[in-house]
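This report refers to the structure that appears directly beneath it.
The values are calculated or read from the model by the stated rules, or taken from the named source; none is laboratory data. Since we're looking at a predicted model, the values are computed, not measured. For neighbour counting, all protein chains shown are included, and Cβ atoms are generated from backbone atoms with ideal geometry for every residue, glycine included.
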Amino acid sequence: MVKNDMLDLDLSFLAILILVWILMLILDRVFFSPIGGIIDRREAMVKEDERRLEELRTNIEKGTRRLESSLSQARQQSLKLREELIARGESAREELIADARMHARATMEKEMSRLEKEIQAAQTRLQEQAGEFSAKINEIFQ
């Protein structure tokens, strides 16, 4: 029968197992634990950064909403102010037109009365001149 030395379980197997286990402990303490700590710290930093980014995004959204709200209020106030100014302008224009009409009417009445006086004076002079001409014509024909 052929003896297989590879499959024999003896003390060397147990020694190798213990050495591998000790090597794993040393590697765990020297390399794996520090690397795991670094990975954990980086994950914590990433989570903190994500939390800060979310907080910033929330603050930006709130600020944007406030800005939009104040812009809409400013638009409403400007429209209201515009309407008030237009109404004031219309009332001022109507007052100016009414004043101009009253002034034109007063000027026209004053001029009409002056013209009537001139017409009466001209009629009086015309009658006087007509009387003088008729007297002269009577003198010439008599």
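So that you can scan it fast, the table gives a plain yes or no per residue for (1) at pLDDT 95 or above; (2) loosely packed, with under 10 Cβ neighbours inside 10 Å; (3) not in a helix (DSSP H, G or I):
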residue	(1), (2), (3)
D49	yes, no, no
T58	yes, no, no
R65	yes, no, no
R101	no, no, no
E111	no, no, no
Q129	no, no, no
S134	no, no, no
E139	no, yes, no
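Please determine whether any residue of segment 26-35 is in a helix (DSSP H, G or I), among the hydroxyl-bearing types (S, T, Y) and surrounded by 10 or more Cβ atoms within 10 Å (Cβ to Cβ). Steps first, please.
If we filter segment 26-35 for residues that are in a helix (DSSP H, G or I), which is where we start, we get 26-35.
From the residues that got through so far, the ones that are among the hydroxyl-bearing types (S, T, Y) too are 33.
Checking which are surrounded by 10 or more Cβ atoms within 10 Å (Cβ to Cβ) leaves us with 33.
Scanning segment 26-35, I find at least one residue that is in a helix (DSSP H, G or I), among the hydroxyl-bearing types (S, T, Y) and surrounded by 10 or more Cβ atoms within 10 Å (Cβ to Cβ), so the answer is yes.
Does T124 qualify as being under 60 Å from the mean Cα position of the chain (by Cα), polar (S, T, N, Q) and surrounded by 10 or more Cβ atoms within 10 Å (Cβ to Cβ)?
Working: under 60 Å from the mean Cα position of the chain (by Cα): no; polar (S, T, N, Q): yes; surrounded by 10 or more Cβ atoms within 10 Å (Cβ to Cβ): yes.
So T124 fails the test.
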